[in-house]
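See below for the structure under consideration.
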Amino acid sequence: MCGIVGYIGKREALPILMDGLRRLEYRGYDSAGVAVLNGDLHVVKAVGKIASLDQALSDLTIPGTNGIAHTRWATHGVPSEENAHPHIDCHGKIALVHNGIIENYSELRESLKVAGHIFRSETDTEVLVHLVEHLLNFPGTTLADAVRSAVRRIRGTYGIAAFRLLEPEQIVVARLGSPIVLGVGDGEMLVASDANAIIGHTRQVVFLDDGEMAVLTADGYRVSSLDNLPVKKSPEQIDWNVEDAQKNGYAHFMLKEMHEQPEVMRNSTRGRLDVTNGNAILGGLRDVADRTREIDRLIIVGCGSAYFAAQVGEYMLEEYAGIPVEVELASEFRYRKPIITARTAVLAVSQSGETADTLAAIREAKMKGALTLGIVNAVGSTIARETDAGVYNHAGPEMGVASTKAFLSQATVFALLTLFLGRQRQMSVTTGTRIAEELARIPDLVAGLLARQDEYRTVAEKYSWAKDFFYLGRKYCAPLAFEGALKLKEVSYIHAEGYGAGEMKHGPIALIDETFPSIVLCPEDSVYEKTKSCIEELRARRGKVIAITTEGNQEIRQIADDVIFIPKTLEMLTPLLAIIPLQLFAYHMSVLRGFDPDRPRNLAKSVTVE
Ligand code: AGP
């Protein structure tokens, strides 16, 4: 996730900016930059870590008491010096940093180009600084006026800090959907995307709300609405320590990232859901749309949770896009002799975009002439660069080793891909609209499930004695059985096996007794009766059963030991809801057993070795 830091006061800005950027490193980024005003506008940017920026600054002397800085987590445009923030206007008199996504940047960019603006980067953010520059051409317009007008023209989300040479005594900030916090000092003001960057200087902070902006000077701040009405906001004292501030008050990154999931889903679908036409707008596939229309087979490769998300996608794509799909472990696919034709597409799913096995699988597919696609979270990562085309998750960096928001985002993108490929084939607008409308409802339903996390902790406490678990599901919930088992294994070190529920009678049920509980995914879907029978078979052998079923169901309560309810939705979207209690159950089991779910033993966040 990008990071913003700004300072205006009586001290030298640069050291304060660099200290703030270092405190934001945990958020994950791929480039960074600073801008300082001192009679001139100095901008220095670097790709890679803060050390690269330090290096770029090492032989420069940039005095000045007004500065802004940024760490970038690429969303539009690969990590590069040109794409790094701060971005400047045509004449180098305005600098701006931005967190968020500007959905309508393409149309704004074109109209600004027609007006003569010269663009240096491929980012959505640069549109904003040229729009501000354009609006400042109107006599008597201040930077605050221009920023206010500019943000009213964009669709999307923003957290902004900007300043200009002609108004050197101020920084203008604005917020919609991307946090901005002000630090109130003695004769100085700070601004940041989260308090962690500034609590070393002040604990008096003001959190801007959506639709608010502020003008900061060394003497203080003035908050207003986008209608330029004053908004009174008094500072509040924060008592977080630095580590807590990085987690925004959550005990672990894994918990924070699980609670980010409603917003992550909104970001993954932002600007991509075309409800009217029952379609998905996937700009990253635009150049290969003719080829995706012609493919007659899709092979999906991935590892771990990405592999299980791919299995969810397999059911969606077969049922609603009518495409033959095979999901392969990347570590197996790369050594097999896959039969690939010119009408085969191979799709890699990878949060990090650097997993060695998945990268090798894609290279093998490319060598055999397949159309290679990616569903990747890390913009500009190796897999993103080496596939012919793809769709970014826009899930933000995932700091927890266990994949949670990334998995949900991957499953979400598969629903979008199903619309895209389905509408290229036999899917009707009616079906597409129904899916798109329901997909738009899911983030709020996910938020509702997250709010009930105490319920999942209670169930975890009740079963904290268990040494083994089965996770069982059918059809769309079979992949969830595997993913749920993986979550429990990797953060609580309890043995857990995922199985298709129908497989139990072919051997595994021999393990069932009162010491071997099962979590059974049994929503009211097309295979509900079959899965209900599986619960009865387990109970007949004294097996304890935790069932996940649809709200309002009265039957399952009669046959299971514990029941967790999830809202009713389309069968194909049920995995996006059922995964929430499974994630939280695993998290709480880990904490109950005294482990750190963020740093599970033996595991790395990205397996870049074979
Ligand atoms: C999942 O919780 C694990 N962190 C792991 O299985 C992960 O999903 C797998 O290593 C794939 O990583 P990728 O998505 O970055 O390729």
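For the range 244-266, give me the residue count where each residue is loosely packed, with under 15 Cβ neighbours inside 10 Å and either within 22 Å of residue 412 (Cβ to Cβ) or at pLDDT below 85 (or both). Give the steps one after another, and end with the answer.
Going residue by residue through the range 244-266, those that are loosely packed, with under 15 Cβ neighbours inside 10 Å are 249, 251.
If we keep only those that are either within 22 Å of residue 412 (Cβ to Cβ) or at pLDDT below 85 (or both) as well, we get 249.
Residues that pass the stated criteria total 1.
Conditions (1) out of contact with any Pro (no Cβ under 9 Å at 6 or more places or on another chain); (2) of a type in the set (Gly, Ala, Ser); (3) modelled with pLDDT of 95 or more, marked per residue:
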residue: 174; (1), (2), (3): yes, yes, yes
residue: 217; (1), (2), (3): yes, no, yes
residue: 242; (1), (2), (3): yes, no, no
residue: 270; (1), (2), (3): yes, no, no
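Evaluated against (1) hydrophobic (A, V, I, L, M, F, W, C); (2) in contact (Cβ under 8 Å) with a residue 60 or more places away in the chain; (3) within 16 Å of the ligand (Cβ to nearest atom); (4) under 19 Å from residue 388 (Cβ atoms), residue 308 falls short on exactly one condition, (4).
Highlighted here are the helices (runs of 4 or more DSSP H) found entirely within the range 205-295 that include at least 3 residues which are touching a residue at least 24 places away in the same chain (Cβ under 8 Å) and farther than 30 Å from residue 404 by Cα: 289-294. Can you find even one residue in the range 105-128 that is among the aromatic types (Phe, Trp, Tyr), farther than 27 Å from residue 267 by Cα and surrounded by fewer than 17 Cβ atoms within 10 Å (Cβ to Cβ)? No, that holds for no residue. Candidates 490, 483, 497: the one that is surrounded by fewer than 24 Cβ atoms within 10 Å (Cβ to Cβ) and within 14 Å of the ligand (Cβ to nearest atom) is 490. Tell me, please, whether a residue that is part of a loop (DSSP other than H, G, I, E, B), crowded, with 18+ Cβ neighbours inside 10 Å and not aliphatic (A, V, I, L, M) can be found in the range 530-542. Within the range 530-542, not a single residue is part of a loop (DSSP other than H, G, I, E, B), crowded, with 18+ Cβ neighbours inside 10 Å and not aliphatic (A, V, I, L, M).
Going by what's in this entry, would residue 413 be described as of a type outside the set (Ser, Thr, Tyr), assigned to a strand (DSSP E or B) and within 14 Å of the chain's Cα centre (by Cα)?
Here the answer is no, as residue 413 does not meet what is asked.
The selection criterion, being over 17 Å from residue 305 (Cα atoms), out of contact with any strand residue (DSSP E or B) (no Cβ under 8 Å at 6 or more places or on another chain) and more than 16 Å from the ligand (Cβ to nearest atom), does not hold for residue 543.
Taking the conditions exactly as written (among the aromatic types (Phe, Trp, Tyr) and more than 14 Å from the ligand (Cβ to nearest atom)), does residue 392 satisfy them or not?
Numbers: among the aromatic types (Phe, Trp, Tyr): yes; more than 14 Å from the ligand (Cβ to nearest atom): no.
Judged against the criteria, residue 392 is not a match.
Listed by first and then second residue, the pairs linking a residue in the range 373-392 that is aromatic (Phe, Trp, Tyr) to a residue that is surrounded by fewer than 24 Cβ atoms within 10 Å (Cβ to Cβ), with Cβ atoms under 6 Å apart and 6 or more places separating them unless they lie on different chains, are 392/379.
Select from the range 51-64 the residues that are surrounded by 15 or more Cβ atoms within 10 Å (Cβ to Cβ) and closer than 20 Å to residue 11 by Cβ and list them in ascending order. Of everything in the range 51-64, those that are surrounded by 15 or more Cβ atoms within 10 Å (Cβ to Cβ) and closer than 20 Å to residue 11 by Cβ turn out to be 53, 57, 62, 64.
The rows are residues; the columns are (1) part of a strand (DSSP E or B); (2) among the small types (Gly, Ala, Ser); (3) farther than 22 Å from residue 498 by Cβ; (4) in contact with a Cys (Cβ under 9 Å, 6 or more places away or on another chain).
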| site | (1), (2), (3), (4) |
| --- | --- |
| 306 | no, yes, no, no |
| 309 | no, yes, no, no |
| 315 | no, no, no, no |
| 318 | no, no, no, no |
| 328 | yes, no, no, no |
| 335 | no, no, yes, no |
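Within the range 339-381, being within 9 Å of the ligand (Cβ to nearest atom), of a type in the set (Val, Ile, Thr) and either part of a helix (DSSP H, G or I) or on the phi > 0 side of the Ramachandran plot (or both) holds for one residue alone: 358.
Residues checked against (1) part of a helix (DSSP H, G or I); (2) touching a residue at least 40 places away in the same chain (Cβ under 8 Å):
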| position | (1), (2) |
| --- | --- |
| 85 | no, yes |
| 91 | no, yes |
| 117 | no, no |
| 120 | no, no |
| 123 | no, yes |
| 129 | yes, yes |
| 132 | yes, yes |
| 147 | yes, yes |
| 176 | no, yes |
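Selection over the range 396-408 of residues that are assigned to a loop (DSSP other than H, G, I, E, B), within 11 Å of the ligand (Cβ to nearest atom), under 11 Å from the mean Cα position of the chain (by Cα) and of a type outside the set (S, T, N, Q) gives a count of 1.
Residue 47 fulfils the conditions (1) free of Cβ contacts under 8 Å to residues at least 40 places away in the same chain; (2) out of contact with any Asp or Glu (no Cβ under 6 Å at 6 or more places or on another chain) except for a single criterion, (2). Given the criteria within 28 Å of residue 290 (Cα to Cα), away from the ligand (no atom under 11 Å from the Cβ) and surrounded by fewer than 24 Cβ atoms within 10 Å (Cβ to Cβ), does residue 411 qualify? Here the answer is no, as residue 411 does not meet what is asked.
The values are calculated or read from the model by the stated rules, or taken from the named source; none is laboratory data. Keep in mind that this is a model prediction, so the values were computed, not measured. No Cβ is skipped: glycine too gets one built from the backbone with ideal geometry, and neighbour counts run over all protein chains shown.
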